[in-house]
Amino acid sequence: MTISALVLGPLMRYVDATSASIWVETRDAALVSVRAGGRRWGARTFTVHGHHYALVEVDGLEPGTVTSYELDVNGTRVWPDPASAFPPSRIATLDPGKPLRLAFGSCRTSVPHDEAGNRSHGVDSLRAYALAMASGGDLQWPDLVAFLGDQVYADATSEQMKQFIRTRRDIREPPGEELKDYEEYAHLYNLAWSDPANRWLLSTLPSAMIFDDHDIHDDWNTSQSWRSEMEATSWWHERIVAGLASYWVYQHLGNLSPQERAEDALWQQIARYRGEAELDLSAALDSFAERADQDPASYRWSYSRDFGDTRLVLVDSRAARNLTPDNRALLDEEEMAWLDGRMRGGFRNLLVATSLPFLLPMGLHHVESWSEALAQGAWGKRAALAGEKLRQTADLEHWAAFQDSFRKVAAMVSEVADGERGPAPATIAFLSGDVHFSYVSEIVRSSGSRIVQVVCSPIRNPLTRLKRFFVAITSYGLAAPVGALVARSAKVPDPPFRWAGVKGPWFDNNLACLEATPEGLTFWWRTGVVDDGDNLHPTLEEVASVIVVPRSGKPALSDNRTMFRRRYARAGER
């Protein structure tokens with residue numbers, strides 16, 4: 001057996017002070033083993049629609065240690081590849097006393113990393129970061145990377161994905177060039193995670209993930225009207241079932257701690273299975289996915305983690321919506337109650353990761369709040385139809401377009417910042433993506449916690465120049481006062497607080513990183529740059545940095561594209 005027995009992975013997923021979860025996809029049914037520090041842990045594969053997966057739980061580790069590991073399939077080593085130029089993959093357990101260092105971003109397309117791919121989609125900033133890590137330089141590695149949506153694009157496929165689809169079906173029939181079923185999702189994930197540099201990074205850095213619309217379909221769950229239109233098609237049911245089923249396998253399963261997995265009904269089937277043949281989870285997983293789509297309260301995709309004095313909450317802002325016109329909410333009642341329970345003080349830093357920015361640029365916030373009122377009939381039935389069309393066409397479906405949900409979360413965060421839910425954190429930060437430009441905003445307050453919105457988008461999928469112009473005119477400058485007037489004309493109440501831009505926007509492909517230190521939260525945005533036409537070995541360059549210090553000080557800012565200019569790339573592919 002050779003390395004081809006390993007189809008995808010290994011992916012380092014949930015890691016805490018004493019355990020790690022390692023995910024793989026194999027070619028056939030198998031026993032998968034992880035070897036590290038003279039010990040061995042194993043798991044049998046389970047199958048879903050002809051694909052084979054395993055999640056190996058590595059436990060009994062020492063806190064704050066770094067241990068190289070190897071992967072066996074049926075007793076034969078398959079990882080790392082002996083021919084690889086990358087460093088050994090490793091398990092780095094959390095040190096309870098170490099401040100959190102977290103990388104994050106969203107929106108990454110899966111196209112080649114050659115000149116044509118870089119010209120059309122820019123340099124993959126995740127890959128540039130991987131090469132920088134592998135170089136052995138002084139780049140500090142994150143403890144965790146959080147992918148905040150659009151890890152794959154099911155509705156805007158690459159040429160490589162289209163070629164695969166054509167081998168299976170007539171691409172002229174619905175859903176055409178978009179994904180249709182589980183087999184196509186499996187291939188898309190393979191395209192997304194199989195590049196050697198990114199594959200090595202994912203085998204080494206623990207990761208947390210949450211979906212956004214393109215993981216399923218553009219504008220997913222924008223409104224009841226949108227949902228009804230999709231459900232009337234011949235292909236949507238298979239698509240949504242495959243999308244949620246594959247998300248559970250490829251992304252969500254590794255988000256869970258061993259304790260959380262033990263409470264998951266699907267995982268219980270895997271853990272308890274003792275049959276001789278490989279467990280086939282296909283029917284149970286499809287039934288689960290269909291139920292999760294039709295009854296969002298039946299399953300929670302959101303989750304949270306505490307890292308010492310920092311709490312990280314990852315919020316599902318897509319599947320958990322209530323689209324009933326008279327009770328419309330970005331988070332349904334159960335999901336809102338869950339979030340309310342986690343919005344607490346007593347932490348130095350409270351990080352709320354939501355794929356959709358909670359605080360849009362003020363002009364765009366007003367436009368989206370107006371669009372919701374318009375679609376709900378503030379200007380009459382005819383205008384409501386136009387409002388719904390505008391909402392879907394212009395992607396006006398962020399928190400601002402769900403005003404009831406926005407105001408409920410605004411009340412929560414204000415109470416936390418004012419010390420009404422335990423000792424007030426130094427900083428409350430919303431971490432987001434989706435919009436394909438990066439920026440920092442801060443709520444205007446004179447006391448209590450600093451509350452900031454920090455966006456990193458895209459990792460690799462930049463806006464066209466025309467769309468950048470549209471963002472500028474709808475978000476900044478006169479857009480704020482004009483948008484406020486338009487919103488008031490539809491009787492939308494003013495926001496419960498004011499916020500202002502601190503930095504941005506910038507439109508580079510970026511991967512952001514934050515570090516929690518005694519001085520405050522420091523954020524960096526880094527992008528990949530091609531030097532001397534060498535598309536396969538981009539350098540890593542800092543685009544901007546922001547330091548958010550406690551209330552006694554002011555944010556310290558820098559925007560210097562040369563301070564991080566260093567050749568990190570050559571240790572990777574040759």
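The values are calculated or read from the model by the stated rules, or taken from the named source; none is laboratory data. Note that the coordinates shown come from a computational prediction; the quantities given were computed from them, not determined experimentally. So basically every Cβ, Gly included, is an ideal-geometry build from the backbone, and we count neighbours across all protein chains shown. Ligands, DNA and RNA are excluded from the accessible area calculation, which covers all protein heavy atoms including side chains. Shrake-Rupley method; radii C 1.70, N 1.55, O 1.52, S 1.80 Å.
What pairs can you find where one residue is in the range 378-396 and without any contact (Cβ under 8 Å) to a residue 60 or more places away in the chain, the other is not in a helix (DSSP H, G or I), and their Cβ atoms are less than 6 Å apart, with a gap of 6+ or different chains?
A384/G377
In the range 268-286, what residues are within 17 Å of G50 (Cα to Cα), open to solvent by less than 60 Å² (accessible area, probe 1.4 Å) and not aliphatic (A, V, I, L, M)?
E278, S282, D286
In the range 305-335, what residues are assigned to a helix (DSSP H, G or I), in contact with a strand residue (DSSP E or B) (Cβ under 9 Å, 6 or more places away or on another chain) and surrounded by fewer than 19 Cβ atoms within 10 Å (Cβ to Cβ)? Show your work before the answer.
Start the filter on the range 305-335 by keeping residues that are assigned to a helix (DSSP H, G or I), which leaves 325-327, 333-335.
Filter again for in contact with a strand residue (DSSP E or B) (Cβ under 9 Å, 6 or more places away or on another chain), leaving 333, 335.
The answer is E333, and nothing else.
Is the range 68-79 home to any residue that is polar (S, T, N, Q), farther than 20 Å from S194 by Cα, without any contact (Cβ under 8 Å) to a residue 40 or more places away in the chain and surrounded by fewer than 16 Cβ atoms within 10 Å (Cβ to Cβ)?
Taking the range 68-79 first, the residues polar (S, T, N, Q) are 68, 74, 76.
Next, only the ones that are farther than 20 Å from S194 by Cα stay: 68, 74, 76.
Right, trim to without any contact (Cβ under 8 Å) to a residue 40 or more places away in the chain and you get 68.
Narrowing further to those that are surrounded by fewer than 16 Cβ atoms within 10 Å (Cβ to Cβ): 68.
The answer is yes, given that some residue of the range 68-79 is polar (S, T, N, Q), farther than 20 Å from S194 by Cα, without any contact (Cβ under 8 Å) to a residue 40 or more places away in the chain and surrounded by fewer than 16 Cβ atoms within 10 Å (Cβ to Cβ).
Output the qualifying pairs, or none if there are none: Cβ atoms under 6 angstrom, residues six or more apart or on different chains, first residue in the range 286-299 and in a helix (DSSP H, G or I), second residue of a type in the set (F, W, Y).
Qualifying pairs under 6 Å: A292/Y299.
Would you call T93 at pLDDT 95 or above, over 21 Å from the mean Cα position of the chain (by Cα) and either within 27 Å of C456 (Cα to Cα) or not acidic (D, E) (or both)?
On the way: at pLDDT 95 or above: yes; over 21 Å from the mean Cα position of the chain (by Cα): yes; either within 27 Å of C456 (Cα to Cα) or not acidic (D, E) (or both): yes.
Yes, satisfied.
Take the residues in the range 175-204 that are in contact with a Leu (Cβ under 7 Å, 6 or more places away or on another chain) and assigned to a loop (DSSP other than H, G, I, E, B), then tell me which one is nearest to L285 (Cα to Cα).
Filtering first and then ranking leaves L179.
Of (1) more than 24 Å from the chain's Cα centre (by Cα); (2) part of a loop (DSSP other than H, G, I, E, B); (3) of a type outside the set (K, R); (4) surrounded by fewer than 19 Cβ atoms within 10 Å (Cβ to Cβ), L385 satisfies all except one. Which?
For L385, the exception is condition (2).
Against the condition crowded, with 21+ Cβ neighbours inside 10 Å, in contact with a helix residue (DSSP H, G or I) (Cβ under 6 Å, 6 or more places away or on another chain) and β-branched (V, I, T), how does I216 come out, does it pass?
Values: crowded, with 21+ Cβ neighbours inside 10 Å: yes; in contact with a helix residue (DSSP H, G or I) (Cβ under 6 Å, 6 or more places away or on another chain): yes; β-branched (V, I, T): yes.
It is true that I216 is crowded, with 21+ Cβ neighbours inside 10 Å, in contact with a helix residue (DSSP H, G or I) (Cβ under 6 Å, 6 or more places away or on another chain) and β-branched (V, I, T).
Anything in the range 130-140 that is at pLDDT 95 or above and either touching a helix residue (DSSP H, G or I) at 6+ places or on another chain (Cβ under 6 Å) or more than 22 Å from T517 (Cα to Cα) (or both)? List them, or say none. Give the steps one after another, and end with the answer.
As a first pass, look at the range 130-140 and keep what is at pLDDT 95 or above: 130-134.
Within the range 130-140, A130, L131, A132, A134 meet the criteria.
Any idea which of S432, S405, S449 is open to solvent by less than 10 Å² (accessible area, probe 1.4 Å), in contact with a Cys (Cβ under 9 Å, 6 or more places away or on another chain), within 20 Å of F497 (Cβ to Cβ) and touching a residue at least 40 places away in the same chain (Cβ under 8 Å)? Talk me through it step by step, then tell me what you get.
Values: S405 fails: in contact with a Cys (Cβ under 9 Å, 6 or more places away or on another chain); S449 fails: in contact with a Cys (Cβ under 9 Å, 6 or more places away or on another chain).
From the options S432, S405, S449, the qualifying one is S432.
Looking at E184, E173, E177, which one is open to solvent by less than 10 Å² (accessible area, probe 1.4 Å), over 19 Å from D293 (Cα atoms) and either of a type in the set (D, E, K, R) or modelled with pLDDT under 95 (or both)?
E184
Which condition breaks for L144 when tested against (1) more than 22 Å from G243 (Cβ to Cβ); (2) without any contact (Cβ under 8 Å) to a residue 60 or more places away in the chain?
Every condition holds for L144 apart from (2).
Which of (1) open to solvent by less than 50 Å² (accessible area, probe 1.4 Å); (2) under 25 Å from R328 (Cα atoms); (3) not basic (K, R) is the odd one out, the single condition I443 does not satisfy?
(2)
Within the set of pairs 6 or more residues apart or between chains, which connect a residue that is under 22 Å from G117 (Cβ atoms) inside the range 155-177 to a residue that is open to solvent by 70 Å² or more (accessible area, probe 1.4 Å) and not basic (K, R) with Cβ atoms less than 9 Å apart?
From the range 155-177, the pairs are D155/E177; A156/E177; T157/E177; M161/E177; K162/E177; I165/E177; I171/E177.
Just to be sure I understand, how many residues within the range 405-446 are in a loop (DSSP other than H, G, I, E, B) and β-branched (V, I, T)? Let's see the steps before the verdict.
The first filter runs over the range 405-446 and keeps only residues in a loop (DSSP other than H, G, I, E, B), leaving 418-419, 421, 423-426, 433-437, 444-446.
From what's left, β-branched (V, I, T): 435, 444.
Going through the range 405-446 one residue at a time, the tally reaches 2.
Looking at (1) part of a helix (DSSP H, G or I); (2) more than 21 Å from L356 (Cβ to Cβ), which is the only condition K467 fails?
(2)
Which residue is nearest to the chain's Cα centre (by Cα), if the candidates are limited to the range 14-59 and must be in contact (Cβ under 8 Å) with a residue 24 or more places away in the chain and on the phi > 0 side of the Ramachandran plot?
This residue is H49.
Go through the range 408-429 and report how many residues are without any contact (Cβ under 8 Å) to a residue 40 or more places away in the chain and open to solvent by less than 10 Å² (accessible area, probe 1.4 Å).
Counting residues in the range 408-429 that are without any contact (Cβ under 8 Å) to a residue 40 or more places away in the chain and open to solvent by less than 10 Å² (accessible area, probe 1.4 Å) gives 1.
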